[in-house]
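Down below is the structure, laid out as C-alpha cells.
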C-alpha cells in the first residue's frame, strides 16, 4: 500500500474514538490525486493542540468508548496516547508526509496523508 496500513488504521480508529459525538456530522474520508484526508467532527478537546498530541499527550473525550475499544474484536488497539506517534513513525519510515490540522473555526480535526501525484 502507498500509505502505511497501520497509519490509516490509527487515523480511522482515532476518528471514531475521539470524535465529538455532539457534533451532528459524519467522519469523512476523501481520496484525492495528491492526498488522502480523514476528517473527524470536533476539534481537539480542552487544551490539546497538534504539537502536544505529536508527543503522545492524550485527553480522552469519550472515556467510556475508549475503555471498551480494546475488547472489540478485530479492532487493533495498541495503547492510549500512542496513535499519533505511531502514524508519524510509520509514515516517516515509508517517506509519506502526514499533517494534522486542528480546525477550530470548522469544528473538526483533519489528518492529511500526502501522496505522490500519479503521472499519466
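The values are calculated or read from the model by the stated rules, or taken from the named source; none is laboratory data. Predicted model, so just to flag it, every value in this text is computed and none were measured. Cβ placement follows ideal geometry from the backbone for every residue including glycine, while neighbour counts extend to all protein chains displayed.
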query = Of the residues that sit in segment 23-54 and are in contact (Cβ under 8 Å) with a residue 60 or more places away in the chain and in contact with a helix residue (DSSP H, G or I) (Cβ under 6 Å, 6 or more places away or on another chain), which one is surrounded by the most Cβ atoms within 10 Å (Cβ to Cβ)?
reply = 40
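Being touching a strand residue (DSSP E or B) at 6+ places or on another chain (Cβ under 6 Å) and more than 19 Å from residue 113 (Cα to Cα) is the requirement here; does residue 36 meet it?
Numbers: touching a strand residue (DSSP E or B) at 6+ places or on another chain (Cβ under 6 Å): yes; more than 19 Å from residue 113 (Cα to Cα): no.
Considered against the rule, which asks whether it is touching a strand residue (DSSP E or B) at 6+ places or on another chain (Cβ under 6 Å) and more than 19 Å from residue 113 (Cα to Cα), residue 36 comes out as no.
With a cut-off of at least 2 residues that are over 15 Å from the mean Cα position of the chain (by Cα), name the strands (runs of 3 or more DSSP E) lying wholly within segment 4-120.
Working: elements: 28-31, 35-41, 98-103, 108-114.
In segment 4-120, no matching strands (runs of 3 or more DSSP E) lie anywhere.
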ask   = Taking interchain pairs and intrachain pairs at least six residues apart, which have beta carbon atoms under 7 angstrom, with the first residue in segment 55-74 and more than 15 Å from residue 45 (Cβ to Cβ) and the second at pLDDT below 85 and surrounded by 11 or more Cβ atoms within 10 Å (Cβ to Cβ)?
value = 56/81; 56/82; 69/75; 69/77; 70/77
